[in-house]
Amino acid sequence: MWFPIVVNAFMSIAAYYFSIKLIPKVKDKFIQANLFGIDKSKKIGVKIPESIGVVTGCIFLITMFLFIPVSFGNGDHKEKFPHEFVELIVALLSICCMLLLGFADDVLDLRWRHKLLLPTIASLPLLMVYYINFNTTTIVIPKPFRGLFGVILDIGIFYYVYMGMLAVFCTNAINILAGINGLEVGQSIVIAISIIIFNLIELSGPLWKAHQFSLYFLLPYCATSLALLKYNWYPSRIFVGDTFCYFSGMTFAVVGILGHFSKTTLLFFIPQVFNFLFSVPQLFRFIECPRHRLPMFNAETNQLDCSLVKFHYSKLGILGKFFIKLFKFLRLIKWQEKDGFITTNNFTLINLVLLYLGPMHEAKLTTILILLQIFCTCLAFTIRYPLASFFYDV
Ligand code: UD1
Ligand code: MG
């Protein structure tokens, strides 16, 4: 059990050093290819190479390809041939596909509806292998609801819809909790390490194979992302791009789905789920959504403050009015009214932190958000272990 994991860990360390070396070498090429962004929270607007996630994504794939002979090289896997091997290949296919689509998004700046469509398409091979290998579409009902639904419920096709939506959610949820140096990679690494810890705990359980499988992916993922973080941390010398967000989300969805622990995976997304729900009125345009919702930079103080959105109250639809009242009641937004116009902070978790803690330096803001992510991981483990026994027979 341990041999392939240890080899994988060593290969991941090599991948880390390779990424560290490669990123500075290629970053000017990205600028030459017009792949750059301007850091909106700095005094001088220098060109920062964008989509460097594609570099570490490729190193991740190469590491995985080189690792295949280690996990499947010895002959005794032959009788199991199609299943486990195909699972690995298809998982890589889905991740690779998402990397390509993410890169396309960075280059072509796709529309919002494509952002929903792309992960769905990229998850199809995964759903197919799930169909062929497992096709279990039953869910275990939590104890309090068993009187109503029984112990096990077969939800059929909806299970596939759920898995497809998981991929869409994971990819986009990371992408919209973004805009300050180091946050996209930082949160993804915390999620990855959380899943790794969970896998290590479960490695001694009956489903150890699924967790070993997950570790094969997450160790190189973590290593390459750490290299990315080194350059993306404040002050960023590179941007990771949507490429990285899509690649990360898909990796988490893949290990969660094929490892049969998608609910636990989602537990590690608490800040992202909150940020998504909070963003819903803007994402679905019930309330105006500016192209960028990242915090506002104050060049004089060198600090970040809430970014604002301005709209006409009377022009809002019923849902728009409902959400803004609800959020105001929940104290998630601060609103100012002038001449019929309302100005509030943009509906993101980043702005909410600024609203409560006041303006602050960018690096401090990223650190707070990452600490929050770590705190939520602790919460997730409490829900997963002590509390889950209350709802399930674990
Ligand atoms: C998502 C968010 C958007 C946010 C953006 C920031 C939604 C619906 N969309 O859009 O509100 O503003 O991410 O990434 O919530 N940038 C920085 N500093 C950073 C990272 C990014 O200034 O640390 C800026 C750069 O100009 C960079 C750009 O953001 O070029 C990248 O934005 P992009 O990833 O294309 O935005 P979206 O993912 O579409
Ligand atoms: Mg983005």
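The values are calculated or read from the model by the stated rules, or taken from the named source; none is laboratory data. Please read all numbers here as calculations on a predicted model, not as lab measurements. With ideal geometry, Cβ positions are generated from the backbone for all residues, glycine too; neighbour counts draw on all protein chains shown.
Residues that are among the aromatic types (Phe, Trp, Tyr), at pLDDT 95 or above and under 27 Å from Gly37 (Cβ atoms) are absent from the stretch 254-268 altogether.
Counting only residues that are more than 16 Å from ligand 1 (Cβ to nearest atom) and either among the hydroxyl-bearing types (Ser, Thr, Tyr) or closer than 17 Å to Pro4 by Cβ (or both), the stretch 175-206 holds 7 of them. Within the stretch 352-362, the set of residues being surrounded by 15 or more Cβ atoms within 10 Å (Cβ to Cβ) and part of a helix (DSSP H, G or I) comprises Leu352, Val353, Leu354, Leu355, Glu362.
So which of Phe269, Phe284, Phe261, Phe247 is farther than 30 Å from Val90 by Cβ and more than 10 Å from ligand 1 (Cβ to nearest atom)?
Details: Phe269 fails: farther than 30 Å from Val90 by Cβ; Phe261 fails: farther than 30 Å from Val90 by Cβ; Phe247 fails: farther than 30 Å from Val90 by Cβ.
Criteria check complete, one pass: Phe284.
Going through (1) of a type in the set (S, T, N, Q); (2) surrounded by fewer than 22 Cβ atoms within 10 Å (Cβ to Cβ); (3) not in a helix (DSSP H, G or I) one by one, Ser314 falls short only on (3). Looking across the stretch 338-347, just one residue is farther than 16 Å from Gly320 by Cα and either in a strand (DSSP E or B) or touching a residue at least 60 places away in the same chain (Cβ under 8 Å) (or both), and that is Lys338.
For (1) free of Cβ contacts under 8 Å to residues at least 12 places away in the same chain; (2) part of a helix (DSSP H, G or I); (3) among the β-branched types (Val, Ile, Thr); (4) crowded, with 19+ Cβ neighbours inside 10 Å, each residue gets a yes or a no:
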{"position": "Phe145", "(1), (2), (3), (4)": "yes, yes, no, no"}
{"position": "Thr171", "(1), (2), (3), (4)": "no, yes, yes, yes"}
{"position": "Ile174", "(1), (2), (3), (4)": "no, yes, yes, yes"}
{"position": "Ala178", "(1), (2), (3), (4)": "no, no, no, yes"}
{"position": "Gln187", "(1), (2), (3), (4)": "no, yes, no, yes"}
{"position": "Ile191", "(1), (2), (3), (4)": "no, yes, yes, yes"}
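Look at the stretch 374-394: where a residue is farther than 15 Å from Ile197 by Cα and a partner is at pLDDT below 80 and β-branched (Val, Ile, Thr), sitting 6+ places away or on another chain with Cβ atoms under 7 Å, you get Ala388/Val394.
In summary, Arg113 fulfils each of the numbered conditions (1) within 16 Å of ligand 1 (Cβ to nearest atom); (2) in contact with a helix residue (DSSP H, G or I) (Cβ under 7 Å, 6 or more places away or on another chain); (3) assigned to a helix (DSSP H, G or I) with the single exception of condition (2).
For the stretch 293-322, residues that are within 16 Å of ligand 2 (Cβ to nearest atom) and closer than 24 Å to Gly340 by Cα total 2.
The selection criterion, being small (Gly, Ala, Ser), within 16 Å of ligand 2 (Cβ to nearest atom), within 30 Å of Tyr130 (Cβ to Cβ) and outside any strand (DSSP E or B), does not hold for Ser236. If you check Leu100, Leu117, Leu110, Leu153 for being more than 30 Å from Phe239 (Cα to Cα), without any contact (Cβ under 8 Å) to a residue 24 or more places away in the chain and either exposed (fewer than 15 other Cβ atoms within 10 Å of the Cβ) or out of contact with any Gly (no Cβ under 6 Å at 6 or more places or on another chain) (or both), only one passes: Leu153. Taking each residue of the stretch 286-301 that is touching a residue at least 12 places away in the same chain (Cβ under 8 Å) and looking for partners that are of a type in the set (Ser, Thr, Tyr) and within 14 Å of ligand 2 (Cβ to nearest atom) with beta-carbon atoms closer than 9 Å, six or more apart or interchain, yields Cys289/Ser279; Arg293/Ser279; Arg293/Thr348; Leu294/Thr348; Pro295/Thr348.
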